[in-house]
Each structure stands twice: as structure tokens, then as C-alpha cells.
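The values are calculated or read from the model by the stated rules, or taken from the named source; none is laboratory data. Since the model is a prediction, treat every value here as computed from it, not as a measurement. Cβ sites come from the backbone with ideal geometry, for glycine too, and all protein chains shown count toward neighbours.
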Amino acid sequence: MPNSKNYYDILGVKNNASPEDIKSAYRKMAREHHPDMVGQSDKDAAEKRFKEINEAYQVLSDTEKRKVYDQYGSSAFTNGGGVNQGFNGFGGFGGAGGARQGQWGPFTYSYTSTGGANQSNGFGDMDPFDVFEQFFGSRGFGGSGRNPRKGKNLYYEIHIDFTEAVFGLEKDISIESGKVKIKIPAGVHDGTELRFSEKGMKGPNGVPNGDLLITVRVKQPRDFTVNGENIYIQKEIDFVDAVLGDTIDIPSVDLSNKTGIGKSTLRIPSGTQSGTRFVVRGKGMPRLGRSGQGDLYVQVFVKIPSKISRKQKEILESYKNTL
């Protein structure tokens with residue numbers, strides 16, 4: 001993508017970054033390069049950088065825009081960008097629309113009502129400052145411009161253990177806006193973001209308080225891997241059990257156990273091949289905000305002994321001769 005802005009580099013993420021990674025990176029970068037967070041001599045550079053960060057997020061946070069960017073680069077979002085002359089940015093093809101302009105703090109920006117991207121910024125029909133407001137509860141810098149629509153949002157992380165993730169918990173926490181009681185529902189997984197409305201900073205001039213957003217970090221258990229509401233296990237079995245069949249115990253989520261972890265049985269049919277996958281229904285994590293539990297997925301691998309006795313060898317050779 002010659003002469004193209006690298007939006008992934010701007011946000012500091014890889015090309016295969018997940019939507020959650022992109023969202024998290026935007027928050028971090030936007031805070032770091034907020035023009036009010038630097039000295040006067042660095043404001044011009046911060047303003048330019050902040051605008052680039054918003055532009056990158058506008059594209060990479062939208063599935064369709066991201067596909068276009070991955071194929072054609074940032075030039076696809078400006079007139080004459082080379083995709084074709086009828087493509088006027090993220091929103092669609094051609095069309096003259098009403099161009100709008102505005103100013104907020106040190107920035108002047110423009111965008112169109114039809115989705116055609118302005119040559120100078122490539123924001124399409126999105127006001128770039130709505131992005132900042134979405135995350136931080138305020139549109140401006142340095143106290144100038146329009147009044148904020150609500151108080152500042154607060155962002156925190158909380159670390160809990162696996163048992164607490166299974167059963168949920170209530171907890172009193174101290175944050176910038178004061179003491180707050182939060183409820184973490186059963187079934188949260190690592191990276192779950194919870195929003196507590198109007199638990200953020202007090203809004204000025206009677207506007208609503210900001211929100212409190214908490215990212216939950218869950219200590220992973222040793223026995224299995226958690227992915228959303230499902231859990232995954234890799235299990236080694238003896239080659240004799242694979243040939244003859246057997247029943248084995250496997251760890252699972254057990255809501256009747258105070259630790260949240262119990263055991264389930266899995267029947268291994270005779271003739272099971274190494275790498276075979278099984279599913280045990282209803283033995284995964286509690287479904288977040290719904291009844292029931294996810295599933296347990298088990299992949300078995302056949303263990304071949306490195307040493308066998310003389311008698312075992314004779315038995316195997318005898319078996320081989322009967323084939």
C-alpha cells in the first residue's frame with residue numbers, strides 16, 4: 001500500500017487484531033495523545049496525532065471499512081484514491097451530499113451527510129469527535145466548545161479468580177468518583193467489559209453522570225482452557241484404552257461444588273483415533289445473562305509407550321501376525 005497510512009501501526013496493533021484489541025488500543029492511544037495532556041509546545045503534534053488515531057479507529061472498528069482498507073489502503077477513503085473514481089470513501093458510491101463543518105477546541109473538521117469522505121480527513125459521515133465522546137464522555141479539550149453531554153466515563157480493571165467468575169460476586173470498590181457497589185454476574189470470562197451506568201464522574205450543569213466501565217480479568221484454571229461459555233481440554237489416553245474403549249474422568253464446571261470445578265465422565269469408544277474430539281453438553285461455564293451452561297470439548301491423544309516388556313512385545317507381535 002504505497003503512500004498509504006498504516007492504521008494498524010497508528011493504533012499499535014497487529015493486522016489480525018480482534019475488535020476488542022482495536023477498541024482497547026484506541027482508548028490507550030487517545031488518552032496518551034489528548035492535547036490537554038501535553039505542554040503547549042507539543043500541542044500541535046498531539047493534535048495531529050490525536051486526529052490520526054481517531055481516523056484509524058473509524059476505519060478499523062468497522063468491519064466493512066476495514067475490509068476495504070486491507071485491500072486498498074487508506075487511499076480508498078479519499079477522492080481519487082485509486083479504487084475507482086466513483087468510490088467516495090467508506091459510505092458508498094458517488095453522490096453529492098450536504099457537507100458539514102464544525103470546530104471543537106483546536107480542531108476544524110468536515111464530514112458529509114451521505115457517507116462520502118472529505119479529502120482532508122476520510123471520516124465519511126461520522127463526526128470524529130463522536131468517537132472520543134463515546135469512550136470518554138466529553139467532546140472537547142481545554143474547556144472550550146460545546147458543553148459535554150455527560151460526565152467523564154471511568155475505566156478500571158478488576159482481577160478475580162475462576163470460582164468468582166463461575167458464581168459471580170458483589171463487591172464494594174473505591175474509584176475516582178467515590179465508593180461504588182458493583183455486581184459481577186456469573187459466567188464472566190477474561191476480557192468481559194461491564195458497564196455501570198452513571199457511576200462515573202459527576203456531570204456538570206445538571207447533565208447525567210458518566211459511566212463506569214470495568215474490564216474483568218479472570219485467573220485461568222490449570223485443568224482446562226476457557227473460551228467464552230465453553231471449556232476445552234486435551235487428554236492423553238493409553239493406546240490400549242483407545243483400542244478397547246474405556247470410561248475416563250475429566251474436569252468440568254460443577255455448580256454444586258463450592259470451587260466451581262468438578263468431574264464428569266467421558267466414554268471412549270473402542271477404536272478411538274488420536275486427535276478425536278468429543279463434546280459433553282452443559283458442562284461449561286454458566287451462560288452470561290442466560291440460563292444453562294456452555295459445553296465441554298475434549299480432544300484425546302493416544303500415548304504410545306516408549307518401552308514395553310518382552311511379554312508385551314510377544315503379545316503385540318502375535319497380534320500383528322494375525323492381521
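Return yes when GLU170 is closer than 19 Å to LEU288 by Cβ, within 22 Å of the chain's Cα centre (by Cα) and either among the charged types (D, E, K, R) or not assigned by TED's automatic domain parsing to the domain that holds SER291 (or both) and no when it is not.
On the way: closer than 19 Å to LEU288 by Cβ: yes; within 22 Å of the chain's Cα centre (by Cα): no; either among the charged types (D, E, K, R) or not assigned by TED's automatic domain parsing to the domain that holds SER291 (or both): yes.
No: the conditions fail for GLU170.
Residue under question is GLU314, and the condition is that it be part of a strand (DSSP E or B) and not assigned by TED's automatic domain parsing to the domain that holds LYS23; does it hold?
Judged against the criteria, GLU314 is not a match.
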| query | Is it the case that some residue within the range 268-282 is in a strand (DSSP E or B) and in contact (Cβ under 8 Å) with a residue 40 or more places away in the chain? | reply | no
| Hey, among the residues in the range 291-323 that are free of Cβ contacts under 8 Å to residues at least 60 places away in the same chain and among the charged types (D, E, K, R), which one's nearest to VAL243 (Cα to Cα)? | LYS320
| task | Using the structure shown, decide if GLY124 is over 30 Å from ASP254 (Cβ atoms) and modelled with pLDDT of 90 or more. | result | no
| task | Look at ASN257 and say whether it is outside the structural domain of TYR297 (by TED's automatic domain parsing), assigned to a loop (DSSP other than H, G, I, E, B) and surrounded by 13 or more Cβ atoms within 10 Å (Cβ to Cβ). | result | no
